[in-house]
1. Restricting segment 282-323 to residues that are among the acidic types (Asp, Glu) and not in a loop (DSSP other than H, G, I, E, B), which is surrounded by the fewest Cβ atoms within 10 Å (Cβ to Cβ)?
2. Considering every residue within segment 193-216, establish whether at least one is among the aromatic types (Phe, Trp, Tyr), within 13 Å of ligand 1 (Cβ to nearest atom) and crowded, with 19+ Cβ neighbours inside 10 Å.
3. Which condition number in (1) on the phi < 0 side of the Ramachandran plot; (2) within 16 Å of ligand 1 (Cβ to nearest atom); (3) small (Gly, Ala, Ser); (4) in contact with a helix residue (DSSP H, G or I) (Cβ under 7 Å, 6 or more places away or on another chain) is the one that Gly177 fails?
4. When you scan segment 283-317, how many residues do you find that are more than 16 Å from ligand 1 (Cβ to nearest atom), touching a Gly at 6+ places or on another chain (Cβ under 6 Å) and touching a residue at least 40 places away in the same chain (Cβ under 8 Å)?
5. Please go through segment 30-55 and pick out each residue that is of a type in the set (Gly, Ala, Ser), in contact (Cβ under 8 Å) with a residue 12 or more places away in the chain and either in contact with a helix residue (DSSP H, G or I) (Cβ under 8 Å, 6 or more places away or on another chain) or within 16 Å of ligand 1 (Cβ to nearest atom) (or both).
6. Collect the residues in segment 193-237 that are part of a helix (DSSP H, G or I) and within 16 Å of ligand 2 (Cβ to nearest atom), keeping them in residue-number order.
7. Against the condition at positive phi, surrounded by fewer than 19 Cβ atoms within 10 Å (Cβ to Cβ) and out of contact with any Phe, Trp or Tyr (no Cβ under 6 Å at 6 or more places or on another chain), how does Gly234 come out, does it pass?
8. Go through (1) in contact with a helix residue (DSSP H, G or I) (Cβ under 8 Å, 6 or more places away or on another chain); (2) crowded, with 18+ Cβ neighbours inside 10 Å for Thr255 and report which single condition fails.
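The values are calculated or read from the model by the stated rules, or taken from the named source; none is laboratory data. Since this is a predicted model, take the numbers as computed values, not measurements. Ideal geometry is used to build each Cβ from the backbone, glycine not excepted, and the neighbour counts take in all protein chains shown.
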Amino acid sequence: MTPHAPNFSAIPAERLPELLRTMPKAELHMHIEGSLEPELIFALAQRNGVSIPYASVEDLRKAYAFTNLQSFLDIYYAGASVLLKEQDFYDMAWAYLQRAAAENVVRTEMFFDPQTHTARGVAMETVVSGLHRACVDAQAQLGVSAALILCFLRHLSEEEAFATLEQALPYRDKFIGIGLDSSEVGHPPEKFARVFARCRELGFHLVAHAGEEGPPAYVWTALDLLKVERVDHGVQSSKDAALMRRLAADRIALTVCPLSNLKLCVFPDLAQHNLGALLDAGLVATVNSDDPAYFGGYMNENFVQTFAATGLTAQQAFQLADNSFVASFATAADKQAWRDRLQAHFAGF
Ligand code: HPA
Ligand code: ZN
């Protein structure tokens, strides 16, 4: 503890929501296509002459009743079909980044799914340049540090992942890492061991979704075969005591997404979420929104609802925000500056 360590016990419980909303934080797990609000889906569909099988914004929102990951992914990929032009990708990312700034997210590492777009004939360059232009503007106009992580769709083949990597390499200065998402069960990390090894040689940061619906074994192989630096979700790890010890010992961050877990029925209700147990076990857990337009909340809603349901404390709020900076792929200098800002925020609250 530094001399300016916050006095957590001086913060009254009724001020916790305000503290959660105002504290600086990093978001490390969000899919930019999952930030497409129904209103923007309809606006882009009209702008691009794309037809979508929903009569209205309300009709589309009503379809957001999911039973598991796949039931969500089917709608998520349908929503992304309205994205065609560079400006569409920019507009989507800019809307999210403005929201992030308003919620005191000072750093965000956004996933994108190029295969969802290239399969529809959209050029890789269109996708990457629209998203990257929004990241540049976010730093300049909003003071938000934003970076991109390219995800391979795990329901597709490793060969297709290799082809996607080749298409993306001309733009390699515009993304910092590689991830793995989409349908988890039946598509274990080992399916992508060779392409991840190549990405590692190329110097990219590596992450993968594992242990969202899939078993602890998928978290083990994400660590040992893919050599990921963070695990996305990873909540099923609590079923394996040896895995929990490994994650704690190696300081592997879990990018936990409570409202996503609730909406995809990973936990029956938020009160039973294991975020507190992950922190108690010494894991570097973080809070993230995953697909905020679909799961009923951006960062602050994830924090406020989870804390209300589970009884987490101001000290745990500090820990989660501090973890988000520690686990980010930003420069050491930026990370330290944000951690100092976080300390100062708590000390002055
Ligand atoms: N899990 C897997 N793939 C995804 C998700 C998710 O929560 N969101 C978007 N693609
Ligand atoms: Zn995700």
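1. Looking only at segment 282-323, we keep the residues that are among the acidic types (Asp, Glu), and these are 290-291, 301, 322.
After this cut, where a residue has to be not in a loop (DSSP other than H, G, I, E, B) as well, the list is 290, 301, 322.
Working: Asp290: 30, Glu301: 18, Asp322: 21.
In this case the residue turns out to be Glu301.
2. no
3. Every listed condition holds for Gly177 apart from (4).
4. Total meeting the criteria: 1.
5. Step one: filter segment 30-55 for residues of a type in the set (Gly, Ala, Ser), giving 34-35, 43, 45, 49, 51, 55.
Of the ones still in play, those that are also in contact (Cβ under 8 Å) with a residue 12 or more places away in the chain are 34-35, 45.
Within segment 30-55, Gly34, Ser35 qualify.
6. Going through segment 193-237, the residues part of a helix (DSSP H, G or I) turn out to be 193-201, 216-224, 235-237.
Tyr218, Val219, Ala222, Val235, Gln236, Ser237, listed by residue number.
7. Values: at positive phi: yes; surrounded by fewer than 19 Cβ atoms within 10 Å (Cβ to Cβ): no; out of contact with any Phe, Trp or Tyr (no Cβ under 6 Å at 6 or more places or on another chain): yes.
Considered against the rule, which asks whether it is at positive phi, surrounded by fewer than 19 Cβ atoms within 10 Å (Cβ to Cβ) and out of contact with any Phe, Trp or Tyr (no Cβ under 6 Å at 6 or more places or on another chain), Gly234 comes out as no.
8. It is condition (1) that Thr255 fails.
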